[in-house]
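Here the structure comes first, spelled out in structure tokens, and everything after it is commentary.
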Amino acid sequence: MTELARQFGSYGYRRVAVLLRASGWQVSDGRIERLWRREGLKVPLKQPKKGRLWLNDGSCIRLRPEYRNHVWSYDFVHCRTDDGKAFRTLNILDEFSRECLAIRVKRKLNSTDVIDALTDLFILRGTPAFVRSDNGPEFVANNVRAWIEAVRAKTAFIEPGSPWENGYVESFNARMRDELLNREIFYSVREAQIIIEGWRKHYNTKRPHSSLGYRPPAPETIIPMEMRPVMH
């Protein structure tokens, strides 16, 4: 328990209990909570619930995902390498499954990079019904909007100055900064790409998500030995 708490410093006792059970320990949340408090480990405070968002005319403006590939959202996160030079990440999320579909890491990212990243994902996963983003220049660029419409998806831009309308990716960005960016020193962009991609895979396949009943968004599938094909 203490080793997991050290490795994943922002996790609470519930996520650690899930990881312990996944490793074969037969422990309940209650027992881990008692040990957690006895060891003086951090117990994160519960966050207040958020209400729906309404316009002045009484209409609801929050688009809620209903199935995989229904709504994707994406946003930039800024960070720096050890020499003080900035780099950016482009984070793309499936809002329904909470799976992080891709993270692009470069010194500079523009509308062409957005199109390239989405193109790769559309080929692999199909076209979502909606693509949600803020009103940054890379996202509202005419070529990005035209390309999304050309592949028969719809854009869902949030209101200026209202990041809470893009709450799924904003929450992901906060987890990424808290669990990774604030804890790692990157000596080069290449090192950042490798470490961030490793964290993305952990986030998707291992990290327990409270909104998913403490299951990961895309758990790894393990094929039993007797079902594996024999190679000749």
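A few points about this structure:
Rundown of residues vs (1) without any contact (Cβ under 8 Å) to a residue 24 or more places away in the chain; (2) outside the structural domain of Ala129 (by TED's automatic domain parsing); (3) closer than 16 Å to Phe186 by Cβ; (4) buried (at least 18 other Cβ atoms within 10 Å of the Cβ), yes/no style:
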residue: Thr89; (1), (2), (3), (4): no, no, yes, yes
residue: Asp94; (1), (2), (3), (4): no, no, no, yes
residue: Arg104; (1), (2), (3), (4): yes, no, yes, yes
residue: Arg107; (1), (2), (3), (4): no, no, yes, no
residue: Asn110; (1), (2), (3), (4): no, no, no, no
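- Scan of segment 57-79 for residues that are in a strand (DSSP E or B), of a type in the set (A, V, I, L, M, F, W, C) and either at pLDDT 85 or above or surrounded by 13 or more Cβ atoms within 10 Å (Cβ to Cβ) (or both), ordered by number: Val71, Trp72, Phe76, Val77, Cys79
- Scan of segment 176-197 for residues that are in contact (Cβ under 8 Å) with a residue 60 or more places away in the chain, basic (Lys, Arg) and either assigned to a helix (DSSP H, G or I) or surrounded by 13 or more Cβ atoms within 10 Å (Cβ to Cβ) (or both), ordered by number: Arg177
The values are calculated or read from the model by the stated rules, or taken from the named source; none is laboratory data. Here the structure is a predicted model, which is why all the values come from computation and not from measurement. Because the Cβ atoms are built from the backbone with ideal geometry, glycine has one as well, and the counts that use them run over all protein chains shown.
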